[in-house]
1. How big is the convex hull of the Cα atoms of the chain, per residue, in Å³?
2. Output the pairs from Lys153/Lys210; Lys23/Lys52; Lys116/Lys153; Lys116/Lys136 with a Cα-Cα distance over 25 Å in this structure; if there are none, say none.
3. Tell me the Kirkwood radius of the stretch 123-212: reciprocal of the mean inverse pair distance over distinct alpha-carbon atoms, in Å.
4. May I ask for the Rg/Rh ratio of the stretch 44-145, computed from Cα atoms with Rh as the Kirkwood radius, given to two decimals?
5. Under the definition of Cα pairs under 8 Å and six or more residues apart, what whole-number percent is the relative contact order of the stretch 120-212?
6. Return Thr90, Thr79 ranked ascending by Cβ neighbour count within 10 Å, so the fewest neighbours appear first.
7. Can you figure out the FRET efficiency of Asp7 with Ala191, using R₀ = 41 Å and their beta-carbon distance, to the nearest 0.05?
8. Would you calculate, for the chain, the mean residue ellipticity at 222 nm contributed by helices, counting each DSSP H stretch of 4 or more residues as -39,500 (n - 2.57) and dividing by all residues, to the nearest 500?
Amino acid sequence: MANIDFDKNGGLVPAILQNANTKQVLMMGYMNREAYDLTVKEGVAWFYSRSKGRLWKKGETSGNVQYVVKIEEDCDNDTLLLQVNPAGPTCHLGTNSCFGDNYFNLNVLERTIGDKIANPVEGSYTNYLVTEGLDKILKKCGEEMTEVVIAAKNQAAGHGKEELLNETSDLFYHVLVLLQNQGIALSEVEAVLGQRHGQSHDYSVRKEIKNY
């Protein structure tokens, strides 16, 4: 990070915070060299306040500090992206992000499932699956995959895509429950896909199975 161009914009560079787990963009502030050095040294996000004319640690009042996982700079060396684990809501309005909380992806669903497992609530379907154990979860994954196949055939027959969308969503949910049950993070699956991405693999056509 020695190539950061602090001189281009009067000693300041924009610094974007992004949740390291959900990938939600949390906020944007400005860093000078001293704020950057403090961030690296302490492992939490520091900024320079243009309105107050001083350094400030994000969460210094609320306690919702931003623990830094990774820092990246852009191609022009004048903007920073910080992957962080927030200790609480990032925005002073109480939302997770200064850009609002209307945000969802599989990482968010994974975290929600994890929270439900860690804090079981009576009547929770997630809690029911985990309590029943691995065989029940596997049975549901198999059922949902079969329903995805049927839904795809129905769409191909002209019945629309809504059924396939719903059944695929159900499958993704149950697979995430399975991964949580087995202690595997979605990021680990993404890492494997990342390793495969862009690679060319030879394949052979599997012989037809005649004896089931």
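Read-outs: derived from the displayed coordinates by stated rules, not from any lab. It should be emphasised that the depicted structure is a prediction, and the values quoted were computed from it without experimental measurement. Don't worry about glycine lacking a Cβ; one is built from the backbone with ideal geometry, like all the others, and counts go over all protein chains shown.
1. Working: hull volume 44.9 nm³, N = 212.
It is 212 Å³ per residue.
2. Values: Lys153/Lys210 23 Å; Lys23/Lys52 29 Å; Lys116/Lys153 34 Å; Lys116/Lys136 17 Å.
Going by Cα-Cα distance, Lys23/Lys52; Lys116/Lys153 fall outside the 25 Å limit.
3. That comes to 15.7 Å for the stretch 123-212.
4. Working: Rg = 19.6 Å, Rh = 17.2 Å.
Across the stretch 44-145, the Cα-based Rg/Rh ratio is 1.14.
5. 24 percent
6. Sorted ascending by nearby Cβ count, the order is Thr79, Thr90.
7. The pair Asp7/Ala191 has a calculated efficiency of 0.65.
8. -13000 deg cm²/dmol
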